[in-house]
Structures are given as C-alpha cells and as structure tokens.
1. Give me the pairs: first residue in the range 22-47 and in contact (Cβ under 8 Å) with a residue 40 or more places away in the chain, second residue aliphatic (A, V, I, L, M) and open to solvent by 100 Å² or more (accessible area, probe 1.4 Å), beta-carbon distance under 8 Å, and six or more apart or on different chains, which are they?
2. Which one of Ile61, Ile7 is under 23 Å from the mean Cα position of the chain (by Cα) and modelled with pLDDT under 75?
Amino acid sequence: MQVYEAIRRDHRRDELSIRELAARHGVHRRTVRQALDSPTPPPRKPRTFIIDRLTFAGLIIETGTQSYRLAHARARRGAAS
C-alpha cells in the first residue's frame, strides 16, 4: 500500500515514466501500472496447495483432502506390514 502511494506521488510530482518509476521503487513495471490505475493493490489470491509434511515423499496435495491423506497413509501402512 505504501509503495502504491509513493509511486503515484512520484508520478504526479516528477512525471517519471513507468520504467523509471519501476527502477526507483524496485518493483516490476506491471506493479507500477497497477498502482497508477488503482489506489489499492488487488487482493491476494488464496493458496490452493500446501506441502503435506506427514507423508514421506513430501507430496503436494490440495488443501481440505483429509480423507485422501488418511486413505493414503492407511494404504502405505497396509502395504508395509
């Protein structure tokens, strides 16, 4: 939020180009364009994947699949014995 304000302030005061603003603030040109278009940053997307540290392989699985994890763990336990 503070970066967006600084970008807009510098654009109004110094009339810098998008490339110069990006270099000055250390952000991508796309971020500068978003800051000039909207006073607030867009909402962040929620994370859809987590790393399941309970499995040995460290598989990436979708969140909310508790039944999958249980079935997978039981299958491994059954195969090992």
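The values are calculated or read from the model by the stated rules, or taken from the named source; none is laboratory data. Note that the coordinates shown come from a computational prediction; the quantities given were computed from them, not determined experimentally. With ideal geometry, Cβ positions are generated from the backbone for all residues, glycine too; neighbour counts draw on all protein chains shown. These area figures cover heavy atoms from the full protein model, side chains too; ligands, DNA and RNA do not enter into them. Shrake-Rupley method; radii C 1.70, N 1.55, O 1.52, S 1.80 Å.
1. Listed pairs, sorted by first residue: Pro41/Met1.
2. Values: Ile7 fails: modelled with pLDDT under 75.
Checking each option against the conditions leaves just Ile61.
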